[in-house]
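A short reminder: the numbers here are calculations on the coordinates, not readings from a lab. Remember, predicted model here, so these are calculated numbers, not experimental data. Please note: Cβ atoms are built from the backbone with ideal geometry, for glycine as well, and neighbour counts cover all protein chains shown.
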Amino acid sequence: MQIDDRQVRRRARGRIARRRGALSGFLLIVLGAWAALVPFIGPWFNLAYTPDSSWQWTAARGWHEVLPGAVAVAAGLLVLFSARRSTAVLACWLAVAAGAWLVVGPALAPVLHTGSLGSPTGTGNSRQAAEQLLFFYAIGAAIVFVAAAAFGRLSVRSPADIRYAERSIEAERRAEDERLEAARRRDEEQRLAKERSERERLDRERAGNEPAASDRPLSDRPVTDRPVSGSPVSGSPASDAPASGGSAPGSSASGAPASGDQAAGRHGYEPMPPPH
């Protein structure tokens, strides 16, 4: 089956295999989930910003941690499951924006009046630096890096995309051919069933209109139902005649005509005497 190259290029331009963004999407989901949950579960790992109690909500945490984390998770899901190139590229841009907001958000919090993020609870400088990186800067930079890598991979039409487009077009054509063949077989079966029912109806009508054999006139009866002309009927005198040698009445056994006396004796009356 010949496939048009222009159709393949158009399909490859708009469609991608879902496995193209599998790893990037999974990493974006993990990083986004960590960014959104770390302010609430961080105290379990001795990582916290003030207030350092688990599952305590503040407006600053919602704007600067939960929101970018949720956007990164949504972008990762789109990159992971989308089969359209435009959708996957848009998801990459959303992930880049979420990561960038994690990086620049703490510096802009006093300007935007989104609330206080608190301060790291670590006792040493290294501990406080680790908390700042794991809450904002490192996570945001990692999200930006993964999203940029996914964007570069998904925005280019690769030979794998061409092969995927060819396979998808062939699969669609096979499905269409199978659908047409099934429709043709169904129409043929319906036509045959209709013809069979019509023949049965005509046969029933013909059988109901035909008269019985005894009601038919002699000329319309079959040959086997007609009496044969000249054949003896049971009980007639001809059937009681002797059939010795197969000779006919009035003839002798040798084939010569029988004499008058013989004929008279056979028919039961006295012969007339000859004239004197």
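Couple of notes before you dig in:
- Of the residues making up segment 116-148, just one is touching a Ser or Thr at 6+ places or on another chain (Cβ under 6 Å) and farther than 14 Å from Leu47 by Cα, namely Val146.
Yes/no per residue for (1) outside any loop (DSSP other than H, G, I, E, B); (2) under 39 Å from the mean Cα position of the chain (by Cα); (3) within 27 Å of Ser24 (Cα to Cα); (4) not acidic (Asp, Glu):
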| position | (1), (2), (3), (4) |
| --- | --- |
| Leu102 | yes, no, yes, yes |
| Gly105 | yes, no, yes, yes |
| Pro110 | yes, no, no, yes |
| Leu117 | no, no, no, yes |
| Gly122 | no, no, no, yes |
| Ser126 | yes, no, no, yes |
| Leu134 | yes, no, yes, yes |
| Ala141 | yes, no, yes, yes |
| Ala148 | yes, no, yes, yes |
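- Only residues that are closer than 20 Å to Ser119 by Cβ and of a type in the set (Lys, Arg) were counted in segment 47-84, giving 1.
- Some residue of segment 127-141 being in contact with a strand residue (DSSP E or B) (Cβ under 8 Å, 6 or more places away or on another chain), within 30 Å of Ala22 (Cβ to Cβ) and among the small types (Gly, Ala, Ser): no
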